[in-house]
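The values are calculated or read from the model by the stated rules, or taken from the named source; none is laboratory data. Note that the structure is predicted; figures quoted are calculated from it, not measured. Note: ideal-geometry Cβ built from the backbone for every residue, glycine included; neighbour counts use all protein chains shown. To get the accessible areas, we keep the full protein, side chains included, count just its heavy atoms, and leave off ligands, DNA and RNA. Shrake-Rupley method; radii C 1.70, N 1.55, O 1.52, S 1.80 Å.
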Amino acid sequence: TPGLSSYVSPQLEDLLGYTPEEWLATPGIFWDLIHPDDAERVRNEHRIGYENVETFSTQYRLRAKSGREIWVEDQIRVIRDRDGNPSVAQGFLIDITARKSSELALTESELRFRGLVANIPGTVFRCDIDSDWTMECLSDANEELVGYPSSDFIGNRTRSFASVVHPE
């Protein structure tokens, strides 16, 4: 039954602050600790994974005993009995909080950068130093400047940037 455990390893205490005994003595504790924004998605993923009797993985937030929010990757494998029927599931919770924090910081940084680039009165670019000025990155303001969408220039997809530079 998803969310009900018959065994948990002692490492649970390091991860969430609950002893295996506390965890096993509290039916449904797993579902109580999932972040409300993740709960419905995780329930659906577990239901589908168990129904399909497959190995699956998902990521979500849990609330530790201390109240701290941690991100976990949950890897689950459904084990079949001798007759091929689903019998038990083995799962592993891996703490990915640091990775998620890095991803969030990177996303926020990228959003700030894109906001800055979008408000610069001109074109921002990164290109190879070659005869065509082969573009790796080119801001959308380029279209206003030269009349062609920036995507045309990336990797010289449609035209090179050198082709729109006045010969003089």
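Restricting segment 153-164 to residues that are modelled with pLDDT of 90 or more and within 18 Å of V117 (Cβ to Cβ) leaves a set whose member that is least open to solvent (accessible area, probe 1.4 Å) is F153.
Once segment 23-70 is narrowed to residues that are at pLDDT 95 or above and hydroxyl-bearing (S, T, Y), the residue that is most open to solvent (accessible area, probe 1.4 Å) is S66. Exactly one residue out of R82, R112, R99 is part of a loop (DSSP other than H, G, I, E, B) and either touching a strand residue (DSSP E or B) at 6+ places or on another chain (Cβ under 6 Å) or open to solvent by 80 Å² or more (accessible area, probe 1.4 Å) (or both), and it is R82. Count of segment 115-152 residues, restricted to those that are surrounded by 14 or more Cβ atoms within 10 Å (Cβ to Cβ), of a type in the set (D, E, K, R) and more than 30 Å from the chain's Cα centre (by Cα), is 2.
Are any residues in segment 54-69 touching a strand residue (DSSP E or B) at 6+ places or on another chain (Cβ under 7 Å) and under 17 Å from T19 (Cβ atoms), and if so, which ones? Don't jump to the end; show me each part of the working.
Keep residues of segment 54-69 that are touching a strand residue (DSSP E or B) at 6+ places or on another chain (Cβ under 7 Å), which gives 54-64, 69.
Selection gives L62, R63, A64.
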